[in-house]
Amino acid sequence: MNNVVGFKCVECAQTYDVAEIEHICPACGGNLDVLYDYNWIRKRLSRDSLSADRNFSMWRYRTLLPVAETSCVPPLAVGWTPVYDCPRLAYQYGIGKLLIKDEGRNPTGSLKDRPSALAVVKAREAGQDIIATASSGNAGSALAGMCASTQLRSVIFVPSNVPAAKLAQLQVYGATIALVEGTYDQAYDLCLAAARQFNWYQRNTGHNPYMTEGKKTAALEIGEQLNWKVPDKIFVPMGDGCIIGGLWKGFCDLHHLGFIERLPQMIGVQAENAAAIVAALNGRGLAHEGAARTIADSICVGKPRDATKAMRAILESAGFGIKVSDDEILAAISSLARATGVFVEPSSAAAFAGFVKSCEAGSIKSGETVVLMLTGNGLKDVDAVLRTSKAPYRYPPVLAEFADQLEKNGFDFRRSSSS
Ligand SMILES: *Cc1c(COP(=O)(O)O)cnc(C)c1O
Ligand SMILES: [Zn+2]
């Protein structure tokens, strides 16, 4: 890796050579930043070289990623997900522009494919063929899929209440599934201990410094897809805080390289009863461990494992943290789907709910451009929707009766779709 110069601890600022370190800071146990040689990178990557690049996946940014020149990457097409412009929503909420980044389009349906693809590369570089991770569902299904595509083995620790579709993904990809009778936080601690004991390569969020690097590729894409015009605010759902920290790293990389002229404000959204990072931001100091409860399983985290990077992203960017209720999250799933055609899982809907709440609070200026990170696909958790939607009417298979009943049920035959 000619582009990586070392690691730096986010807690004690100690720096290390790449070869010295496996995962966390040996001195204090803090998470690490990956440090780059931007001069080396600048000679090999430019806005022009990118616009000529036909590789439409996260690997178009390989020069900015911690992978050896000779490494093979998994074959699944991860990244280069669409950004959609939503002018009607922007008008409705009185802002300049609203854009949504649809990460649900990734191979296993979430942003977690990015860090998991990188984990597979790093495990192979380390000569390991078993990778373990704790997960609320998506990190695990992503890792299981990436491992299946490269014939590595995966061991996935998930809480036993994981949504059915995410469990089905683990099963179909052939992962070894550790269904833990406990919370995600407990599954995480068990995975750490087991990986240490059995010498498995681990992708655990926060603990593995490369996961930030995989996640940052979504920000690199936003920069490029918006033609290097940086949005004003980015709304990101937060559980462990690794995604928001990763996106911030991506924007800072682009800024160091001179590809963008300014940085966006990072807005972190948490569920009301799983809000350790927002609580810490609002003056209660470091993120405190506590019980977590929310319908949004991907952000149901009581002990955030990457809180320092998350808080740094928000504070350095002059952003803010905001909490939303489960009812707001549930309402946001269908209102976003109906307004845009994009169906997201509850944690991603939290980003939209946080945006709506911020508009109502006057926290967004009228001309601003806002990006919502829609981190995961709605098909991963249909229960959340089915439980709150009215069951559809059952019609007899007879046209005359169908038409009568349809009208009785309130269908307006005269309304055109454009009105
Ligand atoms: C993991 C995940 C999150 C939260 O990311 P953190 O890095 O834990 O903050 C949000 N949404 C989805 C869909 C996820 O899979
Ligand atoms: Zn340290």
- Around N204, which amide H atoms from residues at least 5 apart in sequence, or from another chain, sit under 5 Å from its own amide H, with H modelled in the peptide plane? A134
- Query: On the first, second and third principal axes, largest extent first, how far apart are the outermost C-alpha atoms of segment 165-244 in Å?
  - Reply: 46, 27, 21
- Equivalent ellipsoid dimensions for segment 284-330 as semi-axes, Å, which come from the Cα gyration tensor, largest first: 21, 15, 9
- Mean shadow area of the chain over all directions, Cα convex hull, nm²: 22.2
- Quick one: divide the alpha-carbon radius of gyration of segment 100-165 by 2.2 N^0.38 Å and tell me what you get. 1.10
- Which of L315, G94, G6, positive extreme of dipole for the chain (C-beta unit charges): G94
- Can you tell me the dipole magnitude for segment 36-134 around its Cα centre, using point charges on the Cβ only (Lys, Arg +1; Asp, Glu -1), in Debye to the nearest 20? 260
- Where both residues lie in the chain, what percent of DSSP beta bridges are antiparallel, nearest 5? 30
- Which of the peptides 356-366, 159-169 is most tightly packed, and how do the rest follow, judged by the mean count of other Cβ atoms within 10 Å per residue? 159-169, 356-366
- Note on the structure: Relative to the compact-globule estimate 2.2 N^0.38 Å (N residues), the Cα gyration radius of segment 281-404 stands at a ratio of 1.36
- State which stretch of the chain is the longest one without any exposed chymotrypsin sites (Phe, Trp or Tyr not before Pro), exposure meaning a DSSP loop state and at most 15 other Cβ atoms within 10 Å. 57-227
- Convex hull per residue volume in Å³, alpha carbons only, for segment 1-156: 171
- Please state the relative contact order of segment 303-354 as a whole percent: Cα pairs under 8 Å, 6+ residues apart? 33
- Item | On Cα atoms only, tilt of 242-257 relative to the major axis of the chain in degrees | 60
- Query: Residues of segment 289-419: accessible area per residue at 1.4 Å, in Å²?
  - Reply: 54
- Task: Please work out the Cα convex hull volume for segment 88-199 and give it in Å³ per residue.
- Result: 133
- Query: With charges only on Cβ, +1 for K and R and -1 for D and E, what is the dipole size of segment 259-409 about its Cα centre, in debye, rounded to 20?
  - Reply: 360
- Helix 113-125 versus the longest principal axis of the chain: what is the Cα-based angle in degrees, 0 to 90, to the nearest 10? 30
- When segment 226-273 is reduced to its Cα atoms, the Kirkwood hydrodynamic radius in Å: 11.5
- Query: Pick from E407, E20, E316: which is most flexible by mean-square fluctuation in a GNM of the chain where alpha carbon atoms under 10 Å apart are linked?
  - Reply: E407
- Once fully extended, how much extra length lies between L263 and R387, figured as 0.36 nm per residue of separation less the alpha-carbon to alpha-carbon distance? 40.6 nm
- Over the Cα atoms of segment 59-99, what Rg and Dmax result, in angstrom? 17.5, 50
- Message: What is the angle, in °, between the Cα long axis of helix 138-150 and the longest principal axis of the Cα atoms in the chain? Nearest 10 is fine, range 0 to 90.
- Response: 60
- Note on the structure: Measuring from its Cα centre, the chain shows a charge dipole (+1 at each Lys and Arg Cβ, -1 at each Asp and Glu Cβ) which, in debye to the nearest 20, is 580
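The values are calculated or read from the model by the stated rules, or taken from the named source; none is laboratory data. Being a predicted model, the structure only gives us computed values, none of them experimental. Virtual Cβ from ideal backbone geometry, glycine too; neighbours counted across all protein chains shown. The area values use the complete protein model at the heavy-atom level, side chains included, leaving out ligands, DNA and RNA. Shrake-Rupley method; radii C 1.70, N 1.55, O 1.52, S 1.80 Å.
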